[in-house]
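Engineer: Quick one: structure below, then a few questions.
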Amino acid sequence: MSLADERDNSGLFARWLPMRFLLLFCSLFAAFAQACDERPLRVYVSDWPPYMRLETPGEVPPQVTGIDARILKAVMAHAGCRFEWVEMPVERASKALRSGQMDLMMAASRIPSRESWARFSRPYRDEVIELVGDLGAAPRDSWLGLVNTNLRIMAPRSGWYGPAYEAARVPLIKAGRLVFMEDYDAGVAMLKAGRVDLVMGDSHALRDSSRRVGLVLSRPVLAPHRAPVHFMYSRRSVDRAVVQRLDASIQALHENGTLERLQVDVLP
């Protein structure tokens, strides 16, 4: 091979190499762009004001308003993704997410026990968990300190509410101090009727229920637990590219202030 041939080949290689990377980038971009376009993502919904409000429970398709509903719609629209609401009991929805029959649940805490079967978005808002009572409720030192009292506590049946509550949950149940509520309105109604002394749950949801039930709640009896929440995806049905695409939209909407604005008004 002559020196001229080598020069010609090296020039060809120099032109071929950028083209190869361009083709690779285009193929990756195409796969990324189609990541959530093949079918709508199935998103769990239940009546949980002020985050999700079902206009008519049981309606198909569900008509949903509320803080998290607004956030999800904004993120999906920004990402160019389609989704559909699926209404079902939370225990059934959790099993459906594990099996890949449900794609996404909102307001999820990222904890190690979920990592094997779920993917998580970047945080999209914070939650504040409070333990409250009526206006006569006195401050307490710790969850474990409530085990040996005569106080009756009501809490949501499922979900993660911080390590301090998790450490005290079983001792409280064994001591007969803790019972579970089906929804926030029921819990606040039990508090108003004097059937329980304290109710634990999301601060906005508790205050929203208290307005409907007609009970003024105390300040938090324990220090509130504040933590970020995420979109939680099924590993069986949601590819990492979908998570990355929606994460990019969550980040963009956070930076331009949209996510914060959608949380200001707690009404639909």
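The values are calculated or read from the model by the stated rules, or taken from the named source; none is laboratory data. Please read these numbers as outputs of a predicted model, since none were measured by experiment. Positions of Cβ are backbone-derived with ideal geometry, glycine not excepted, and every protein chain shown enters the neighbour counts. In case anyone asks, the SASA skips ligands and DNA or RNA and just uses the protein heavy atoms, side chains included. Shrake-Rupley method; radii C 1.70, N 1.55, O 1.52, S 1.80 Å.
Engineer: Any chance the stretch 160-174 includes a residue that's closer than 25 Å to ALA69 by Cβ, touching a strand residue (DSSP E or B) at 6+ places or on another chain (Cβ under 6 Å), open to solvent by less than 70 Å² (accessible area, probe 1.4 Å) and hydrophobic (A, V, I, L, M, F, W, C)?
Structural biologist: No, the stretch 160-174 contains no residue that is closer than 25 Å to ALA69 by Cβ, touching a strand residue (DSSP E or B) at 6+ places or on another chain (Cβ under 6 Å), open to solvent by less than 70 Å² (accessible area, probe 1.4 Å) and hydrophobic (A, V, I, L, M, F, W, C).
Engineer: Just give me the residues in the stretch 76-93 being in contact with a Phe, Trp or Tyr (Cβ under 6 Å, 6 or more places away or on another chain) and either closer than 17 Å to ASP183 by Cα or exposed (fewer than 14 other Cβ atoms within 10 Å of the Cβ) (or both), in sequence order.
Structural biologist: Residue satisfying the conditions is ALA93 alone.
Engineer: Could you please let me know if GLY100 is in contact with a Leu (Cβ under 6 Å, 6 or more places away or on another chain) and either open to solvent by 10 Å² or more (accessible area, probe 1.4 Å) or of a type outside the set (Lys, Arg) (or both)?
Structural biologist: no
Engineer: Given the residues PRO61, PRO18, which is the only one that is surrounded by fewer than 11 Cβ atoms within 10 Å (Cβ to Cβ), touching a Phe, Trp or Tyr at 6+ places or on another chain (Cβ under 9 Å) and at pLDDT below 95?
Structural biologist: Checking each option against the conditions leaves just PRO61.
Engineer: Starting from the stretch 167-196, take each residue that is more than 12 Å from GLY133 (Cα to Cα) and list its partners that are assigned to a loop (DSSP other than H, G, I, E, B) and at pLDDT 95 or above, counting only C-beta distances under 6 angstrom and pairs at least six apart or across chains.
Structural biologist: Between residues of the stretch 167-196 that are more than 12 Å from GLY133 (Cα to Cα) and residues that are assigned to a loop (DSSP other than H, G, I, E, B) and at pLDDT 95 or above, the close pairs are ALA168/TRP143; PRO171/VAL147; LEU172/VAL147; ALA175/VAL147.
Engineer: Write out, first by first residue and then by second, each pair whose Cβ atoms fall under 7 Å of each other, whose residues are 6+ apart or on separate chains, and whose first residue, in the stretch 200-214, is hydroxyl-bearing (Ser, Thr, Tyr) while the second is part of a loop (DSSP other than H, G, I, E, B).
Structural biologist: Hits for this filter: SER203/PRO224; SER210/VAL216; SER210/LEU217.
Engineer: Identify the single condition in (1) surrounded by fewer than 16 Cβ atoms within 10 Å (Cβ to Cβ); (2) in contact with a Lys or Arg (Cβ under 8 Å, 6 or more places away or on another chain) that LYS73 does not satisfy, given that it satisfies every other one.
Structural biologist: Of (1) surrounded by fewer than 16 Cβ atoms within 10 Å (Cβ to Cβ); (2) in contact with a Lys or Arg (Cβ under 8 Å, 6 or more places away or on another chain), only one is false for LYS73: (2).
Engineer: Suppose we filter LEU135, LEU131 for residues that are in a loop (DSSP other than H, G, I, E, B), among the aliphatic types (A, V, I, L, M) and touching a residue at least 12 places away in the same chain (Cβ under 8 Å); which single one remains?
Structural biologist: LEU135
Engineer: Any idea which of VAL179, VAL196, VAL213, VAL188 is open to solvent by 60 Å² or more (accessible area, probe 1.4 Å) and β-branched (Val, Ile, Thr)?
Structural biologist: VAL179
Engineer: Looking at this structure, is GLY159 within 30 Å of ALA252 (Cα to Cα) and of a type outside the set (A, V, I, L, M)?
Structural biologist: Values: within 30 Å of ALA252 (Cα to Cα): yes; of a type outside the set (A, V, I, L, M): yes.
Here the answer is yes, as GLY159 does meet what is asked.
Engineer: Of all residues being modelled with pLDDT of 95 or more, of a type outside the set (A, V, I, L, M) and under 30 Å from ALA93 (Cα atoms) in the stretch 134-159, which is most open to solvent (accessible area, probe 1.4 Å)? Just the residue, please.
Structural biologist: Checking each candidate, the answer is ARG152.
Engineer: While we're looking at this one, here's another question. Sort out which residues of the stretch 36-58 are open to solvent by less than 30 Å² (accessible area, probe 1.4 Å) and not in a loop (DSSP other than H, G, I, E, B), and write them in order of number.
Structural biologist: LEU41, VAL43, TYR44, VAL45, MET52, LEU54
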